[in-house]
Ligand SMILES: C[S@@+](CC[C@H](N)C(=O)[O-])C[C@H]1O[C@@H](n2cnc3c(N)ncnc32)[C@H](O)[C@@H]1O
């Protein structure tokens, strides 16, 4: 292998830099893309409208422009580019709230070597408490995480819903359903379904806003899935929840869902599944993110099937979608394996 491979050195330089990700997020948080909707604007005006420091903002925008995120149309004047468009808050698939700079996340990432050495979540090392307890005590950041989830949910509603026969359901519980934005989208599309949003009290506290358009068919139930889950629904949805937890915790959550299910209920796990091999798959990136924040893990289909079995459930169908995979399960005829 050639030692002095300049192409690889330059490429690694680009892949290894955290300058663009941080700059992108901080600039996105300022709302710069929204200010450029009607056309190019000077940095002086952008800085004045966002209470930013003009020279610093200019330097940040120049760095992004060299990656085609914004363009400097003339010295000191910037415009949107195709890559900057999704940072607009009015974009149908807006990533503005996804590319947000959450200081608590960034501090956790700075402790990644702790995770690599010990297997413990970097978040706990950085903050002295676990991710969920931290968010419960920091309402401002919890709200930003909610907005992040709402944006991701726009993408998931569009890409996942076409792959399951939701029209056959009358009742559904969204277990760990967050702020209700996924359930709201689902109920809007399927007016025959009555849904329950089930999540921790401080999380569902803000859900009324999202569920307002479907409030006649949506019930909000606060609680912990480590205690109990609302019983007797046709379907239990658990979307991007289990990767946040250890294997043993997942079995406890699944066992509580199983205890709530009727014999003919269906459980739908919607999550990113780890594929084998070296090919790019966002699940491999999310897996490290999960490891840093909560200490959980994304899993292969086989691993999830084993955890389902331990909780008295059987995996019956696996349906990939352009984003998440739908893992369908039902109560095992024989009950729990553990
Ligand atoms: C990654 S979020 C996914 C939220 C939602 N399913 C979605 O896809 O938008 C994980 C959710 O699990 C919830 N959660 C964590 N611990 C919980 C518990 N003990 N009981 C119920 N929900 C919990 C969190 O509050 C959060 O809303």
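The values are calculated or read from the model by the stated rules, or taken from the named source; none is laboratory data. Just so it is clear, the structure is predicted and the values come from calculations on it, not from any experiment. When we count neighbours, we look across all protein chains shown, and the Cβ atoms used for this are built from the backbone with ideal geometry, even at glycine.
The table below lists the values:
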read-out: Residue list for segment 180-204, restricted to those being touching a strand residue (DSSP E or B) at 6+ places or on another chain (Cβ under 8 Å) and more than 23 Å from residue 261 (Cβ to Cβ); value: 184, 201
read-out: Matching residues in segment 246-258 - criterion: being within 10 Å of the ligand (Cβ to nearest atom) and crowded, with 21+ Cβ neighbours inside 10 Å; value: 253
read-out: Among residues of segment 325-338, those that are modelled with pLDDT of 95 or more and either exposed (fewer than 15 other Cβ atoms within 10 Å of the Cβ) or over 24 Å from residue 259 (Cβ atoms) (or both), counted; value: 1
read-out: Whichever residue in segment 192-239 is within 14 Å of the ligand (Cβ to nearest atom), assigned to a loop (DSSP other than H, G, I, E, B) and at pLDDT 95 or above and, among such residues, is surrounded by the most Cβ atoms within 10 Å (Cβ to Cβ); value: 229
read-out: Hey, residue 328 in contact (Cβ under 8 Å) with a residue 24 or more places away in the chain and out of contact with any helix residue (DSSP H, G or I) (no Cβ under 9 Å at 6 or more places or on another chain) or not; value: yes
read-out: Residues within segment 266-279 that are out of contact with any helix residue (DSSP H, G or I) (no Cβ under 9 Å at 6 or more places or on another chain) and touching a residue at least 12 places away in the same chain (Cβ under 8 Å), tallied; value: 3
read-out: In segment 11-33, the residues that are touching a helix residue (DSSP H, G or I) at 6+ places or on another chain (Cβ under 8 Å) and under 17 Å from residue 87 (Cα atoms); value: 20, 22, 23, 24, 26, 27, 28, 30, 31, 32, 33
read-out: First in segment 217-230 and within 13 Å of residue 254 (Cβ to Cβ), second anywhere and assigned to a strand (DSSP E or B) and within 9 Å of the ligand (Cβ to nearest atom), Cβ under 7 Å, 6 or more apart; value: 225/175; 229/175; 229/198
read-out: Helices (runs of 4 or more DSSP H) enclosed by segment 9-128 - at least 3 residues per element that are in contact (Cβ under 8 Å) with a residue 24 or more places away in the chain and surrounded by 13 or more Cβ atoms within 10 Å (Cβ to Cβ); value: 19-30, 32-35, 43-50, 54-65, 103-109, 122-127
read-out: Per-region count, segment 274-306, residues in contact with a strand residue (DSSP E or B) (Cβ under 9 Å, 6 or more places away or on another chain) and crowded, with 21+ Cβ neighbours inside 10 Å; value: 3
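Per-residue answers, yes or no, for (1) surrounded by 15 or more Cβ atoms within 10 Å (Cβ to Cβ); (2) in contact (Cβ under 8 Å) with a residue 60 or more places away in the chain; (3) near the ligand (Cβ under 9 Å from one of its atoms):
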position	(1), (2), (3)
140	no, no, no
151	yes, no, no
159	no, yes, no
166	yes, no, no
169	yes, yes, no
175	yes, yes, yes
187	yes, no, no
